[in-house]
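Visitor: This is the structure I want to talk about, given as structure tokens.
Derivation of every value follows stated rules applied to the coordinates shown; laboratory data play no part. Note that the structure is predicted; figures quoted are calculated from it, not measured. Backbone-built Cβ (ideal geometry, glycine too); neighbour counts: all protein chains shown.
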Amino acid sequence: MRGVAEEKVLPLCPRCGAPYRSLEYKTVAGRTYVYAYHGKSGRKPILCYLGPADAYVHAEHILPLDLRNLEDVDLIAVAYNAAALYASLMRRRGEATEAAERLTRLAEDIALLAGDLKSRSLDEEERE
């Protein structure tokens, strides 16, 4: 509707499932940690611990899903981004060979799916 501001949808906390306003980073004894900031209860902030900053990957930026209407999401792009992230993470862990094998099996399975779709589509065209 024109002139009406759309309500901002807050991301959901992976720890507790409640919406959070922002991510906060705190450094303790030389290590930085990530927290989801939910707001305040009186003067005390409501935070959920998410993990060390050097190991925490905020998935919402990598796999952007508007969960209000999944039909509007480009699932192929989401799958590709997930596979690319997996490859990157496994390479950093020194497990590139295992990742390559799993991605190759996935690509083969996707090729089978595509072949099945194509043959069903041809069968439907012949029947018409």
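Visitor: When a/c reaches 1.5 or more, the comparison of a/b and b/c decides; with that in mind, is region 9-56 rounded, prolate or oblate per its Cα gyration tensor?
Guide: oblate
Visitor: Amide H of LEU50: which non-local residues (sequence gap of 5 or more, or other chain) have their own amide H closer than 5 Å, using H built in the peptide plane?
Guide: So LEU50 has HN proximity to VAL34, TYR35, ALA36.
Visitor: For CYS48, CYS13, what's the fewest-to-most ordering of other Cβ within 10 Å of each Cβ?
Guide: Going from least to most buried by this count: CYS48, CYS13.
Visitor: Compute the distance in nm between two label points, each set 7 Å from the Cα along the Cα-to-Cβ direction, one at LEU117 and one at ALA29.
Guide: About 5.1 nm, to one decimal.
Visitor: Just rank VAL34, VAL78, VAL28, fewest to most, by other beta-carbon atoms within 10 angstrom.
Guide: Placing the least packed residue first, the sequence is VAL28, VAL78, VAL34.
Visitor: Okay, next question. Hey, fewest Cβ within 10 Å first, where do LEU47, LEU85, LEU122 land in order?
Guide: Starting with the residue having the fewest Cβ neighbours, the order is LEU122, LEU85, LEU47.
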